[in-house]
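*Asks:* The following block contains the structure, expressed as C-alpha cells.
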Amino acid sequence: MRLLLVGDDPLARSALAALVAEDSRILLVGQAAPTEAVALVHALDPDVVLWDVGLEHDGDADAPLSGAERPLVALVAGEAQIALARAAGARGILRRDLDAPRLLAALHGAALGLVVYDEAAAASLLRPAALEPRALVEPLTPREQEVLQLLASGLSNKAIAQRLAISEHTAKFHVAKLLQKLGALSRSEAVFLGARMGLLVV
C-alpha cells in the first residue's frame, strides 16, 4: 500500500511515520501539510491518505482534502472534527489516541474499499436522528440520478465524466448540485442518504 501522510504538526507526522513503518506492507511515499496534500496526491498517486486533523482544528474551516479523491483515513480529537472529516469524504474516522494495530487495520481496510469508524465516530455518525431520511426540496434530474449511481460505484469525478461523455468540470458541477439537494457534506454521505431515500438502483 502506498501511503501519503498529511498533517499540520511535523512532530505528529514523524510519530505516525515511525508507527506505519512497522508494517512492511505499507510504503510511505510522502508527508505534507493539508494545503499541499491535493497536489501531492496527484504527483505521488498514493493508495490511501492518512490525515492527522490535529488538536486545534475546530471543524469550521473548509475540508482541505475534499479534492483528493483517494481513500482517506482521518485521525480526530473531538466531535467537531468528525464533521470536518466527513466533509472531506473520509472513509475512516478514528481517534488520534488509538493503538497501532487498529490504525494499521483501518488503513488496510480503507485500501480495500471498506468504511472504518471507531466506536466514538460511529456513535456520533449513527445517532437515530442522523438516520432519519430527509425529503428532497428539489427532485434529482435524470443526469443527477446517473451521477448518484456512479458515485455509489466509487467512481471519481474524472471517471464519471468519461462514463457519461461529459467534461470533468461538468461532472464536478453535477456532484456539487447532487450534494446540495441531498443535504450531504460528502460523496459518501450522498450515497448513504440516496440509498435511504430509495434513489439508488441495486
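The values are calculated or read from the model by the stated rules, or taken from the named source; none is laboratory data. For clarity, every value in this text was computed on a predicted model and none was experimentally measured. Here the Cβ positions follow ideal geometry from the backbone for every residue, glycine too, while neighbour counts run over all protein chains shown.
*Asks:* Would you please name the residue that is modelled with the lowest pLDDT, looking only at residues in region 27-74 that are farther than 18 Å from A12 by Cα and assigned to a helix (DSSP H, G or I)?
*Replies:* The extreme case among them is V38.
*Asks:* Would you mind finding the one in V202, V191 that is at pLDDT below 80, of a type in the set (A, V, I, L, M) and either exposed (fewer than 12 other Cβ atoms within 10 Å of the Cβ) or on the phi < 0 side of the Ramachandran plot (or both)?
*Replies:* The unique qualifying residue is V202.
*Asks:* Looking only at residues that are buried (at least 16 other Cβ atoms within 10 Å of the Cβ) and touching a residue at least 40 places away in the same chain (Cβ under 8 Å) in region 30-52, which one is farthest from H108 (Cα to Cα)?
*Replies:* Per the stated criteria, the residue is D52.
*Asks:* Let me ask something additional. Do the conditions hold for G113, that is, is it small (G, A, S), surrounded by 13 or more Cβ atoms within 10 Å (Cβ to Cβ) and either at pLDDT 85 or above or assigned to a loop (DSSP other than H, G, I, E, B) (or both)?
*Replies:* In short, no.
*Asks:* Quick check on R86: is it surrounded by 18 or more Cβ atoms within 10 Å (Cβ to Cβ), touching a strand residue (DSSP E or B) at 6+ places or on another chain (Cβ under 9 Å) and either in a helix (DSSP H, G or I) or at pLDDT 85 or above (or both)?
*Replies:* Spelling it out, R86 is indeed surrounded by 18 or more Cβ atoms within 10 Å (Cβ to Cβ), touching a strand residue (DSSP E or B) at 6+ places or on another chain (Cβ under 9 Å) and either in a helix (DSSP H, G or I) or at pLDDT 85 or above (or both).
*Asks:* Of all residues in region 172-189, which are more than 21 Å from P71 (Cβ to Cβ) and either part of a loop (DSSP other than H, G, I, E, B) or in the same structural domain as G89 (by TED's automatic domain parsing) (or both)?
*Replies:* Matches in region 172-189: G183 only.
*Asks:* Can you name every residue in region 1-16 that is in a loop (DSSP other than H, G, I, E, B) and in contact (Cβ under 8 Å) with a residue 60 or more places away in the chain?
*Replies:* Passing the criteria: only M1.
*Asks:* Something else: If I ask for residues that are outside any helix (DSSP H, G or I), modelled with pLDDT under 90 and not small (G, A, S), which ones from region 151-171 would you list?
*Replies:* Selection gives L155 alone.
*Asks:* Taking region 17-26 as the search range and keeping residues that are part of a helix (DSSP H, G or I) and touching a residue at least 60 places away in the same chain (Cβ under 8 Å), which one is farthest from H108 (Cα to Cα)?
*Replies:* Top of the filtered list is L19.
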